[in-house]
Structure formats: C-alpha cells, structure tokens
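Input: a single structure, listed below in structure tokens.
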Amino acid sequence: MSATSIETEQRRWFAVGQSNARDPRIAGDEAAAAALSGDDAQLLVVFCSHTHDLERLLEAINRRSGGVPLIGCSTAGEIATHGPGDAGVVVTALGGPGFSASTASAHIAADDLRAAGAEVAGCVAACPERGGRVLLLLTDGLAGDQQEVVRGAYSVVGASTPLVGGCAGDDLEMRLTYQLHNDRVLTHAVVGAALSSDGAMGIGVRHGWRRVGEPVLVTRSANNRVYTLNDRRALDVYFEHLDPPADARRDPAAFTRYALRHPLGLQRRSGEEHVRFVGEADFEDGSLGFIAEVPQGGLAWFMEGDEDSVLAATDAACTDALASLQGSSPLGAFAFDCIARRGILGDAGIAAEIERVAKSTGGAPVSGFYTYGEIARTRGQSGFHNQTLVVLAVA
Amino acid sequence: MPGIGESWSTQQLTEFVTMVGACQDEEAAIRDGIERAAEALEAEVAAVIRDGDVLASIGFPVSDVPVAKLILAAGEELPALDVPGVGSCVVVVAELGDDGGRLLVARHGQECFSRQEANLLRGMARVLTLTLQSLHTLAAERLLRIQGERQAQENAELLRTLRERQALLERLSRIQRSIVRRAKLETVLDTIVAGASELLRADAVSLRMIDPQDPGSMVLLAVRGLDPERFPVGSRAPLGDGIAGRTILAESLLVVHGDHAKAREVSVGRDVTGAMSAPVVENGRVVGALTVGSRESDRIYTDTEQEVLLAFAEHASLALTDSKNFDAAVHRALHDLLTGLPNRALFLDHLEEAVTHTGAPDARPAVLFLDLDGFKRVNDSMGHAAGDELLIEVARRLTRCIRPGDTAARFGGDEFAILLDAVAGEDEANSIAERVMSSLRKPFVVQSKEVAITASVGIAVPSGPGEDVLRDADIAMYHAKAAGKGRVATFDPGMHTDLLERLGLEADLARGVTDDEFFLVYQPIVSLESGAVVGVEALLRWRHPTRGVLAPDSFLATAEETGLIHPIGRRTLRHACTDAARWQASVGGAPPLLLAVNLSVNQLRNPDLVADVAGILSESGLQRETLILEITETMLMDDLGGQALWRLKEFGAQIAVDDFGTGFSSLQYLSRLPIDILKMAKPFVDGLGTGRRDESPLARAIVDVGHSLGLEVIAEGIEREEQAAHLHRLGCRLGQGYFFARPAEADAIGALLAAGGMTEARARGARELQPWRGTSSA
C-alpha cells in the first residue's frame, strides 16, 4: 500500500492510493483509505485489474469513501506514482471546494457507441465551469469504433470541454473489460466524469512512432477492417513494407505481437498522423483488423518505434501537458498509456517511463493505466488515438 | 497544404461521398456530413445553416449554440468566429444547393483555409446537397408508403412544386449524372454549356481552357450561340484575350456591361451587351473559364445569376478534376459496399426508367421484393461476420438467377429487390421468383457450417401508369411472410387495405402507449390445500377508445413487430411490481404474496431486460424472490432465452413455463434450464372432474414431471370444484381459474387481500368479485 498527495492553498487536493493486496476487500479499502487523504472528496477514479472480484472491490472503496462519486475501469496494468504494477488497485481522489465533478455511465446499446458517448457527456452540464474543465471518459475498447464515442461526446459538449481518457483493458485477454460507476460494475459501457478545477488543466498527446517507407492508399475498408491497400491484399502489403520474421507471417499470435510494434499511421491535414493499432490479421482473406475505423480512400504509413523514440514521446507529452498549466505547478497527473508502448518498453522500461512522468510533475502524484486505446480531443474533433500516451495534468 | 499530395482532396471527397451516401435519412446525412467535413479540415466547428436557422452544428455545447453568430458567419458577415474552449476561429463557407443553405466550417487560429480546402468543402457541399435531395425524395416515397392514397396525392403535389423550384439543381444533378454515367468529358462539358445557356438566357456561351501543350494560349472546348465558322471547337486564342482570358489571369469571376463589353469582348462575340465569366479549376489551379454573353439591350447580370454561373463553372471543375475519382466514389455511393449490388437509390433510378419506358403489354417491368427468413438467427448466433458472408453469397445467387437487363439490389439488412426488365405477365415473374427461391433453398456454407435459410418474396407487376410498384411488391412480401416463411405472394389491391389496417393498429398502439391506455387485471393464484391466496398473475389489457377493452392476443403480435412491446412490457412490470409491493406491505404475513408477470419473446431477447427488472424491483421495493416471470414453451426452446433465463435466475426471480403441455418442450431442456414452476395448460384441466375413467393421465403426467424435476406446478383454468379437488389429489398444490376468482382490477384485488386473502369463505366471495367483462377464461 502506498499513497502520495498534494494539497494547495486554494484548498484543492489530489491524492493517489495503491494496493497490491490479493483480497479485493482489503485492496479496495487500503487504496481508498490512502487516497482519501483530505476532506471533502469530490471524485474517485479507480483503475484495477479485471482479476479482482470487482463488486467486492467497489463495496470496500465505497464503504471507505461513504459514496463519493466514482468512475473507473479494468486495465492492462495500473500506473501509480511509484511505478507501474499488475493485478493491483489504484485509487485517485480529487477533493476540496476548488474542484467539482459529476459522473455518468451508459450501456452501449445496439452497438451505438455514439449514443453512449453523447449520453455520458450529458454530465458536463451538471459540473459548473471553473478555471478549467475536462470530461474524463473510460470506455470498452472491445466494443467497436471508439471515435464514435468521441463524436457522440463532442456533439454534446463541443469544443468547450476537452475529452480525455482511455479504453479499459483485461490484461491482453481481449475478452471482456469492465467499467465502474459508483457502486456498479458494468460491461460494454462508457463511464465519464466531468471535472472542473479552479486551477488550469493541461493535456499532452504523443506517440513516438516513425514512418517506414512509402505511403499506401487504403483502397478497401469496412467495419474496422482493411481489406486492400494499393488495391492489393492488405496483409501482403504489410509484409512487403515491414518484412516481419517468419513466425509472424504464419502464426496469428506471433503476428499480433509483431503488429503491436508496427502500427498504421493515418494521414492528417497537419501532416501528423493518427496511429492505429493493427489488432490482428486474417491469413485467409489477407485483411487487417483494427479497433477503430480506417477510412477507405485515405493515405496511411506503416510505422515502427523503439525504446528511445517511445521515451522521447513520454517527455514531450509531459512537457505539452504542463505547458498548458500557465506556470502553475501540477497537483497531480493522469497517464493513459497504450499497452503497445508497454510492449516496446518492457517492465524495466515502463518503470523508467513512469519515473520520468513523476519527475516532470515535480513529485506530484501520478495515476493511470495501460489502455486499449486513448482519448484526447484538444484540437479539431478527432480524439481517438492508438499506441499513444495521453497525459492530463491537473492544477 | 505542405507535405500533402494533390490527391488529398479527392481522397477526402471520396471518403465523404462514401460516408454520406450510406446515410438513411436527411438528419443523419447532415450530421455525418458536418462531422466528416470538420474532420477532413481538422476543424472544431461545422454547421449547416438554412432559412435563418442552424439545422445542425458541432463544436458548441449542445445547450449553448450561438445561432445568431453562426448565421452571421455563414453569411460571411463575421471575420472570425469566437468558439468557447478554442478562441478565435477562421471560417470557410460553401453553399448548399441554391436555396440559401450553407455549410460552414471554422478552425482554431489565424491561418486561413487554403484554396484546396475551400474547394474540397465546396465539393462536399455539392455531394451533401445531392444526397439530401435524393434522401428527401426517398423520405417522401417512404411517407407515401406509410400513409394512405389521399396523403400520397398531396405529397406528390408538394414534390412537384418543389421540383419546379429546383430547376437549377435538377440541371446540375443531370450534369453530375452524366459524369457518373461515364459520359465522355466533351459530352459533360457540352451539357454544362447547354445548361448555362438555358438557365442564364445566354445568347452565347463558351468554355475555354489553357492548352496544356502551349500554356500561352486557350483552346475552345465547348460553345453555344456563336458562328461555328468563326468559333470552331478546338480554335485557339492568346491567353489573356477577352473576358475569359482576363478571368483566368485574375482567378475570379468577372462581369462587364454595356459599351465596356462591346468594346473589349471577344470571348463570346463582339456584339454582346453584357458578359460574365467564371474560372474553371483543376487540382486547385485555374485552367479555364466559362463565359456567357447576352445581346439583349441593357442586360444586367444579377448576383443570383453570377452565382448560377459559378455553380456551372464549379461543375466543369468537378468534371475535369475529379471525374475519374468522383466517378468511382459515386459508383460506391450507389452500390452496397458489402455485396457490390446496386443499392436502393440506384434501383429506384432503374425502376423509374423501366416504368417510364414500358413498351408492349407483354413486356412490362416487374419487381420482386425479397426478405430473408431466419437471417437474424444466423447473425445473432454466428456473429456479424457470418451474416455478412451469407449476404454476399445470397447476392451471388440472386445475380445468377436474373436475366441480362434485370437488376438485383440490396436495400440494407436482409432486404433485396429484383427488377425484371420485361416480363410477359405474372406467370413469368412467378417462374423467376420460383427460380430464386429454389436457388436459395440449397444450403449455404458459412464459416464452414451449413446454414439453411429461405426467403419470402413479394411480386408486383404494374397494370397501369402511376402505380407504386415497389411499395406493392413490399406489401406482397409481407403477406408472403405472414402466410408462413419461404413463400411467394403476388400483389393484389386487397393486400393494401390489410396493410392500412395493420398500420392503423400500429398507430393506435403507439398512441395507446403515449396516452397510457393499458392497464392490468390480476387473477389470484390459490393454494389448493387451504384455499388461501398465495399470489396473483398480472394480465395486460388495452382500453381501446373505440374497440373497447382488448386482451393481448389481439395486439401482442403487432406490439412485438413494432418494438412497442418494450415500453408496454416495462410499464406492465412496473405497475404490477408497485401494486404487489403495496399489497405485500399492507397485508404482511409469511410467506409474502407472489407476483406472476408474463414476458414476451422480444422482451426476453432484449439485452436490457435484466437491468430493467433490477431497476423496477428496486424502485418498487418488491422482494425479488417473489417475482415470477412467465414464459412460453416456444420461448424456452429459443437459445437466446437460455442466457436471459440464467441471468434472471441469478438475479433472484423465479421462472415459470406458461401453458405447459401445449408446446414442444423437451424434458432435457426443462432439466437444464433454470425453471421453477410449470403452469399446466387449461386443456389438461378441462378434462378433469367429468367422471370419465381416462380423464387424468396427462394432468397426472405433468404433475409427476414437475415433481420429479423439483418444480412447483400451478394448474390454470380451474372452473369447477371437482377439478380443484382432483388436482389436489394428484399432488398439485396451486391453481387459478374462474372457480376461485376471475381477473379483477387492482382495487378489487387489494380489497380481497386486505380482507385476509381467500379462506374458503373468502374464496366464495372472490368468485363473486365483479369479473372483468370480456375476459376469456384464464
């Protein structure tokens, strides 16, 4: 169990508690007790392993907090101030009269992710605007095109409120993720919290991948699958451009491991790319599967990265997030970090990464998780990312 | 746009056409249109403004859209738009058709939109306009189908006026169609010149382009109203000559009037009194000019006319720049992405053509409307990928069944249609339908499994002009489906009347839900041992304003089809739970009163059912273990039911099988599924107490099955004391029926329970309860 917290003279505080206890009741209670370091908590954000009995876990946290509004989700690894971990619980508490929060959740009915995003975004109306306001979104990344969640939320809040968050994980089992809202354990859902602070809030988004070779044209795609690139089977083109080892050309599992480090970048106006994780390949029809839409007719690049480029992106994301605080020190930060980056960095690398994040926040507490997709809408209206690190600094 | 290839905007436009073309209604097309436009231009704000109103916007909180500012910005009366959360945004606007509608996009920062971006937005606006127009026609067509003939005529009238007002749009879409139909570029450009000539009352029109081989000169590509001797197509003039040349150099619309025109004009002849010329663009560069001139005295070109010329010039640009890409994109927009078949829009186009050009009576067009039976089952049980695979194979087989000249189309979901170009009569249409049916009867192999499906087919052959043959085929298909799956039906006008009746019932039901015309009656469930009331079954009734009180059998099927079963079902459950919770609280005692509520097929399939039940239970305070959910045997055999039942069971509710013995339950299912109670159907009770020797083996068997599986048995429809006694002897503990009490409204049941339930004396009282009139024996 560990805890870190920071309180300001403006009477806002941000604290993170963590527990690796096996019993969900003990883990929930320990992490919540450590996070609830101040009075007047406004919001709890919980990141935890799907292996816990989540009903029990929530019961313990809520018993300890007395029912402070809560959102959370299952993960592919949790992040706390003192480093990353697995099979644990990280509870973040934000409190004091300088913060306000309101929460909501929505079941993704009939695969209508857009409607769920819009419904959850309704909670922003109940959260008065202060110095800064964001809408935190935690979603089921296995449920379809996540950009639709962002579109739905954007259609309600517009550009006035940045959207930030990530897709829940299940330790790469890719079967079922959980979303948490107050005392309820949800599946196939979106949960959200509107958070306002008297201080500023800043968002940094970086991925750290670089283009390989010539661009390719997406000539046929539908329903999150790309069938052809340059009018040829997408998988053949992928192999040609990247030349993966033999096992990745035969074995779907080996392919997915390789593809984690070799995503697709979609062209944008600014020349920057939106990274899309290649989730799997169909060796029969030669198509590639994604967890978000890859529009037909667009230009794309294959991409690669290494430890150095990924860590450089970490520093840049933190710098960007802090720059938006206009000189104030952060009270704390959230990190939504793609599981694929974890794949590149390895256990030692992610420990180094979180150390860098903590250092850049000047010792302020950090919490977050390894995600199946990241949300950060600050410019334009596209806000769903893959294989990216999103940092939210809160002052 | 640095770093981006020239193909960027055509790709974006292609994507836009694909996305917007897939929309099913105008609202969705506008919404998707502004979102895609904003995404393509990486902008924060997009909006459609028409008739002084904001039809749709993104970028502002939904509760706080600055309507007035957006209207000003759309009229280009605001230099910049201030957007909360973003700051000052630059604005770009494109016109939507010719009725004053505008598509606006605004982006953070000072950097203006590039010309390429502005061109792209104009292209998007054009596509959106055409899509909206065709959706509008479709919506009107749909409306015609739903409403009666009278309404149909009114709507047709409305459409006609609309069409007259939109002559320009028509003309432009004709040009676009000529682009789509892969007409030669010269033909397209000629159509543009002819359109400009007609709509702008021009005496002379010319289209000149910079010669790619000799950039210092212009070539005449298309012309109207000029002496062909002096101005042959292909003739050259130095770049910069006349108003056309100046327009190319100035890269903007130019207008000249009066003597000024006479003195300097060469592009459309020296005798014109007024002329104007608009630039034609290819890949963002001005490469030519479209020029019109008039010989009328004092001809002044109005602002509107200048805009019309710009629209024609833009179409020339489109034809030049994007013809190939646009062609492909529009082709995609007119075809179903999954199967590659024509979609509804293209089918309607072909149909219209076929009907208009109907020749001899023995060569009339006919429409087959197909709906797959059992497709949903494949989709639900094997997944969408399997469903897609099946649809692709169905499309392949349909294509093999039709003749050259016929059209097979997919309308979406599992709906297909075939246009038979010319048939001798219904018999020939029927024989093709049979061929289709027999090709679909062969098993499909989907994901290495054999899958059998059938189709219901409706046929319509128009007997005269003005018939809505597609609607008729659709109606016939419904009849085929209603008559049992895998059938063919040919339209006759009586079907239309039936449909109107059913639509009437649907409308009544929808109103019934809104006006809360549904109510509950309750029938006590009684201990056969003591006569005490142990529970009640809630029964749904509809107080129809003209038809009186209706039992579910007269409206349940329609409620299921329309989905209205969900609000009705939820309300039923909520009322019943609230009533029962009140009775539990006021009567008290142990064990608490049971409440039985019937579930329908679609309710059981609804993934939100458990959450609904949970919400209603916690709202009402009813003890969860006292709730009995009744399902039929057929629902029991439904695989989906299994999952739902386990979830309901885990949640604590009890499950009863209603009308047990009349369906086809297998005992294996009974033992495997979480069943608590069997309700013995009335026919088995009817035979009891008659004094005949062989009266009870079936009733006894049901009681024995129940007991051996550890289930409670409730006998339904007990009408006589001997039946109750007999059932009791067989070991059946609970029963309901007129002998104990008829269904009665909540107040009467409340009073009965308050008076202490139903001891033998009370049981007699209950029998005298004012029965609800018109109830069939429960």
Model label zone, A:Arg11; criterion: amide N under 17 Å from point 7 Å along Cα-to-beta-carbon; scope the range A:78-102: A:94-101
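Which FRET efficiency, nearest 0.05, do A:Glu55 and B:Lys649 yield, Cβ-Cβ r, R0 22 Å?
Values: r = 18 Å, r/R0 = 0.81.
In this case the efficiency is close to 0.80.
How high is the FRET efficiency between A:Ala246 and B:Cys112 when r is their beta carbon distance and R₀ equals 30 Å, given to the nearest 0.05?
The value I calculate is 0.05.
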Debye-sum result for the range A:4-155 in log10 I(q)/I(0), which assumes one identical scatterer on each alpha carbon, at q = 0.18 Å⁻¹: -1.12
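Compute the FRET efficiency between B:Thr187 and B:Thr304 as 1/(1 + (r/R0)^6), taking r as their Cβ-Cβ distance and R0 = 25 Å, and round to the nearest 0.05. Don't skip to the answer; put the middle values down first.
Working: r = 28 Å, r/R0 = 1.10.
Calculated value: 0.35.
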Cut-off under 5 Å, modelled amide H: who pairs with B:Leu528 long-range: B:Leu734, B:Gly735
Projected label distance in nm at B:Lys376 and B:Asp25, using a 7 Å step from Cα toward the beta-carbon: 1.9
Paramagnetic label zone (point 7 Å from Cα along Cα-to-C-beta, B:Asp99; backbone N under 17 Å) in the range B:41-58: B:48-56
Net lengthening on full extension, B:Glu296/B:Ser671 (0.36 nm per residue, minus Cα-Cα): 125.7 nm
Of B:Lys376/B:Lys679; B:Lys376/B:Lys481; B:Lys481/B:Lys649; B:Lys481/B:Lys679; B:Lys442/B:Lys481; B:Lys376/B:Lys682, pairs whose Cα-Cα distance is over 26 Å: B:Lys376/B:Lys679; B:Lys481/B:Lys649; B:Lys481/B:Lys679; B:Lys376/B:Lys682
Cα-based Rg and Dmax for the range B:184-306, where Dmax is the largest Cα-Cα distance (Å): 13.1, 39
Cα pair count fraction exceeding 17 Å, expressed as % - the range A:66-201: 58
The range A:161-233 - Kirkwood radius from inverse mean 1/r over Cα pairs (Å): 17.1
Paramagnetic reach from A:Asp285 in the range A:194-221 [backbone N under 13 Å; point 7 Å along Cα→Cβ]: A:220-221
5 angstrom amide H check on B:Glu745, placed H, neighbours 5+ away: B:Tyr522
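Can you give the translational diffusion coefficient of the range B:394-504 in µm²/s, computed by Stokes-Einstein from the Kirkwood radius over Cα pairs at 37 °C and 0.692 mPa s? Mind showing how you got there, number by number?
Values: Rh = 14.8 Å.
D = 221 µm²/s.
Given 0.36 nm per residue, what is the gain on full extension from B:Arg729 to B:His707 after removing their alpha carbon distance, in nm? Before the final figure, lay out the partial values.
Numbers: separation 22, 0.36 × 22 = 7.92 nm, distance 1.39 nm.
Contour length minus the Cα-Cα distance gives 6.5 nm.
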Simple label model, 7 Å out from Cα along Cβ direction - B:Ser463 to B:Asp608, nm: 4.6
Hydrodynamic radius of the protein assembly as shown per Kirkwood, over alpha carbon pairs, in Å: 34.3
Histogram of C-alpha separations across chain A, 10 Å bin width, %: 5, 25, 35, 24, 9, 2, 0
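Compute the Rg to Rh ratio over the range B:53-96 from the alpha carbon atoms, using the Kirkwood formula for Rh, and round to two decimal places. Write down the numbers at each step before the final one.
Values: Rg = 10.2 Å, Rh = 11.0 Å.
Over the Cα atoms of the range B:53-96, Rg/Rh equals 0.92.
Between A:Ala254 and A:Val212, 0.36 nm times their residue separation minus their Cα-Cα distance comes to what?
Values: separation 42, 0.36 × 42 = 15.12 nm, distance 2.04 nm.
Result for the pair: 13.1 nm of gain on full extension.
When a/c is below 1.5 the answer is rounded, else prolate if a/b is larger than b/c, else oblate, so apply that to the range A:268-395 with a ≥ b ≥ c taken from the square roots of the Cα gyration tensor eigenvalues.
Numbers: a/c = 2.44, a/b = 1.63, b/c = 1.50.
Here the range A:268-395 falls in the prolate category.
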Rough spin-label spacing in nm, given labels placed 7 Å along Cα→Cβ, for B:Arg435 and B:Leu72: 6.7
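Would you please name the GluC sites (Glu not before Pro) within the range B:513-586 that are DSSP coil residues with at most 15 other C-beta atoms within 10 Å of their C-beta? It would help to have the intermediate numbers written out before the result.
Working: sites: B:Glu517, B:Glu529, B:Glu537, B:Glu560, B:Glu561; in loops: B:Glu517, B:Glu529.
Counting only loop positions with at most 15 other Cβ atoms within 10 Å, the GluC sites (Glu not before Pro) in the range B:513-586 are B:Glu529.
Read-outs: derived from the displayed coordinates by stated rules, not from any lab. Here the structure is a predicted model, which is why all the values come from computation and not from measurement. Note that we place each Cβ from the backbone using ideal geometry, even for glycine, and neighbour counts take in every protein chain shown.
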